[in-house]
Structures are given as C-alpha cells and as structure tokens.
Amino acid sequence: MRLLLVLGLVTLACTAPHWAAASENVQNRLDRIERRLVGLEGQLEGGSVAKAPVDQAAVSAKLGQMEEDNAKMYGAIEELGRSVELLAKKIDNVIKDVDLRLQDLEKKSIAQ
C-alpha cells in the first residue's frame, strides 16, 4: 500500500511540471493573441487605417481566426484544469484508502 502511495506521489511530481509548462505555453500564446487583437482594434479605431489601405475582408478573416484560436486555447486550459482536479481527487482517495488500511493494521497489531 505504501508503494502505491509512493508511486502516486512520484507520478504527480513527475507530471506536474509538464502541466505547468503546457499551461504557461498556452497562456503565452493567449497573451500574444490578445496583443495582436488590441493592435488590430487600434488600427481600425485609431484612424491608422486611413493612412494605409487595409483589406477589410482580410482583417475580418484574421480577426475571426484569432478569436477561434483564443477559444481553442481557453478550452485547452479548461481541460488541463479539469485533469488536474481529477488527479488530485484520485490521489486524495488513494491517501484516504492507505490511511484506513494503516489504521486497520495498527488496530490488529494492538489487539494481538
């Protein structure tokens, strides 16, 4: 039982950095997309469009693609968060199970 607990904790320790790195990568990509959206909005609202003609259809298509990418990123973040929550619950259940088994063993050894 202790081996199972140790294996679970080692698994969590080994995979946590991967999740953190993936989440950081996703967050960096979201930040970059948001900066690009703000830049495009500034061009459209700030009048810089008048200085250099811009194909409205291309800008609109690019903006739509960026919004779609943004939605995918948020979905990926939500999936990662849910995976972490499920893993934490599983580990809690394993710890509770090991605790109960150890308590039973302690009771049996005291009774003898």
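Read the figures in this text as sums done on the coordinates, not as results from a lab. Given the structure is predicted, the values throughout are model-derived calculations rather than measurements.
Pairs of alpha carbons in segment 30-112 separated by more than 15 Å make up 73% of all such pairs.
May I ask you to list the lysines whose Cα is less than 23 Å away from that of Lys108, ignoring any residue fewer than eight positions away on the same chain? Partners within reach: Lys96.
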